[in-house]
Structure formats: C-alpha cells, structure tokens
Amino acid sequence: MKRKNIFKFVFFIILGLANSFLAFCYFFVQLVIVYYKFARAKIPIEVNEEFEIKTLVYKKTSSRELKMDFYIPNKNKSSYPVILYSHGGGWISGFRNQPNNVSWCKYLASKGYVVASIDYSFGFSSTMEEILEDYEDSLSFLKNQKSVFNLDLNNIFLMGLSAGGHLALLYSSYYTKLEKWTKISGIKGVICYYTPSDLTTIGDKEHKSIFAKYAIWTTLKGSLADKKSEYIKFSPINYVSSHMIPMLIVHGREDKTVPFANSLNLSKTLDDFKVNYKFLVHKKADHCFDFYLKDPRTIYIIEETARFIERSINNEYKL
C-alpha cells in the first residue's frame, strides 16, 4: 500500500508540474500575441508626410548600443522645439522604432517639432537606477545635438507612455524637488500617458495585472513586501513640489495595467502644490488606448497633446 501511495503522490506531483508548465506556456503565448498586436498598432491620425529620420547611438552599455531616432520636420525654421520621447513596455520591453511609437513621432514631427525617440536598458539585466541613468544620458546627448538639428533648447518637452512616462515624470519631479535648475534647464513641459506615479499600487497584492506586477518585480528586483523602500523611492508622486514643470496627464478610466488612481492622485497632489497641469481622461479606455481606439475622444486627446506643446511654447503655461 505504501508503495502504491508513493506512486500516486509522485504522479500527482508530476501532473501538477505539467499543468503549471502548460499554464505558463499559455500565458507566455498570449503575452506574445498581445504584444505583437500592440506593437503593430498606430494612433488614429494618419500622417502622409515623409520625414528625414536619423539614428544616432547616444550610449554604449556592456550589453547593447542605445540609440536615438531623430524625426526632422519639413519646415523652414531657424530652430525647432524638441520632444524627448520614451516608449512604454513596463521597463522590460518595447523599442523606439515600433510602428506605434513611430506613428506618434511622425504626428508630432508634422506639427513642426523635432522628435527624439529613445531606447533604454531593460529591467531584466539593469536596475531602475541604471535605466534612469540612460534617460538622463539621453537628454544630455540630445542637448549636445543643438547645432546638428537646429534645436531650440529653450523649448524641450519630455513625453513618455506608461513606463516611459514614469521616466519623464520621475526625472522632472526629482530634479525640480531638489531645485537642480541646470538639470531641467529649457524643459517647458512634461507629457505623461497612463503613467505609474505610485509604484506601490502596481506591486500591491490587490492589483490584478500580472504583466505589471511581473514588470515592476523584475525591475526593482523584488516584491513590494521585500523592497517597499525601493517602490517608494522610485515613485514620482513623492517628489512633487511647487517647482514642478507644467504637465499634461492622460489616462483611461478603465486602465487595468496602471490604475487610473495613479493619475487621479497625482492630479490632487499637483493641486496641493499649485502646479500648472491639464488632466485629460478617457472614461471608457483601457491601457494604451491611443493605439486601439479611433473614437472622437481619443482623437481629441491626441490633438490636445499638440496644442499643449504649442501653448507651452507660447508661455501660456508658466512655472
């Protein structure tokens, strides 16, 4: 009897492991399918113009070359406002030249802005601090290209989607909090689409997005329970001050990846410090809605993004 019970026990252990493996494979395949569809999606505003695109290496790491694509508008200007654009992907995926990111860059370039779209290190092999160093290095490199691309360094905008928005928001909030004026010199506005401003909400056990929890756990090298100080340290909402640069915040109310409460609480904190900002909400949208939805509200939000940049250049938003 004992031997039979042992065989049963081993059988059920093997069966359980097999089921777990199959479940993981299913999850991975579904993740690949979703990511593939997302990467091929585009914003719902077609741009028919052709742009000169130049790719430069802004940094070399031990594992890869980090590149920056410059989208140069077909406008005759002595200098061009410039947008540093950082893609999303949970700090562990995404590329500067995916069709979805390219569609945003072309749209913004059609408005007369030079757009610099960047890659950065991934959380699989890098820490959050190292990723932030990449971001800071990309901005420094961008400024050094002033004469090459006729950049107006008095009109710099930081724009990011999701994890990319987190980098832009953390950079701007951290250095304005510390009053490091040389670090934020020339930055006129920050644009954050569905951005995690409070990382503790992503790591919380009640949060349902497996991808978001895996991404933050991978990048911060541990769970919220084990690394709470790190989750707090890298949460931009904790660095908001009265010195904050004017912001555009965009979020879908039905976001299942980055809770809508992130942007809602951020807006309340900005109110507390009397920071100039605009908060655009899509009541029916999930994460990355600008690549999936083609309804009037989505188009309005995208167009309002360009208007925010224009108004900021014209000093309608001031520190």
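The values are calculated or read from the model by the stated rules, or taken from the named source; none is laboratory data. Treat the numbers as computed from the prediction; the structure is a model and nothing was measured. Note: ideal-geometry Cβ built from the backbone for every residue, glycine included; neighbour counts use all protein chains shown.
Residues in the range 150-168 that are assigned to a strand (DSSP E or B) and among the hydrophobic types (A, V, I, L, M, F, W, C): Leu151, Leu153, Ile156, Phe157, Leu158, Met159, Leu161.
Take Leu161 and tell me if it is in the same structural domain as Thr257 (by TED's automatic domain parsing), buried (at least 23 other Cβ atoms within 10 Å of the Cβ), of a type in the set (A, V, I, L, M) and under 14 Å from the mean Cα position of the chain (by Cα). In short, yes.
Inside the range 186-201, residues that are in a loop (DSSP other than H, G, I, E, B) and either closer than 13 Å to Leu169 by Cα or free of Cβ contacts under 8 Å to residues at least 12 places away in the same chain (or both) make up a count of 5.
Among the residues of the range 228-255, those that are over 12 Å from Ser172 (Cβ atoms) and part of a helix (DSSP H, G or I) comprise Lys228, Ser229, Glu230, Tyr231, Ile232, Lys233, Ile237, Asn238. Restricting attention to the range 106-133 and to residues that are charged (D, E, K, R) and surrounded by fewer than 22 Cβ atoms within 10 Å (Cβ to Cβ), the residue that is farthest from the chain's Cα centre (by Cα) turns out to be Lys111.
Go through the residues of the range 243-252 one by one and say whether even a single one is in contact with an Asp or Glu (Cβ under 9 Å, 6 or more places away or on another chain), over 25 Å from Val115 (Cβ atoms) and surrounded by fewer than 24 Cβ atoms within 10 Å (Cβ to Cβ). The answer is yes, given that some residue of the range 243-252 is in contact with an Asp or Glu (Cβ under 9 Å, 6 or more places away or on another chain), over 25 Å from Val115 (Cβ atoms) and surrounded by fewer than 24 Cβ atoms within 10 Å (Cβ to Cβ).
Working only within the range 288-319, note down all residues that are over 23 Å from Glu254 (Cβ atoms) and not in a helix (DSSP H, G or I). Within the range 288-319, Asn314, Asn315, Glu316, Tyr317, Lys318, Leu319 qualify. For Ile301, are the conditions met, namely being under 18 Å from the mean Cα position of the chain (by Cα), closer than 14 Å to Ser172 by Cβ, of a type outside the set (Lys, Arg) and surrounded by 14 or more Cβ atoms within 10 Å (Cβ to Cβ)? Judged against the criteria, Ile301 is not a match.
Name the one entry in Ala285, Ala225 that is assigned by TED's automatic domain parsing to the domain that holds Gly186 and either crowded, with 20+ Cβ neighbours inside 10 Å or part of a helix (DSSP H, G or I) (or both). Matching residue, one of Ala285, Ala225: Ala285.
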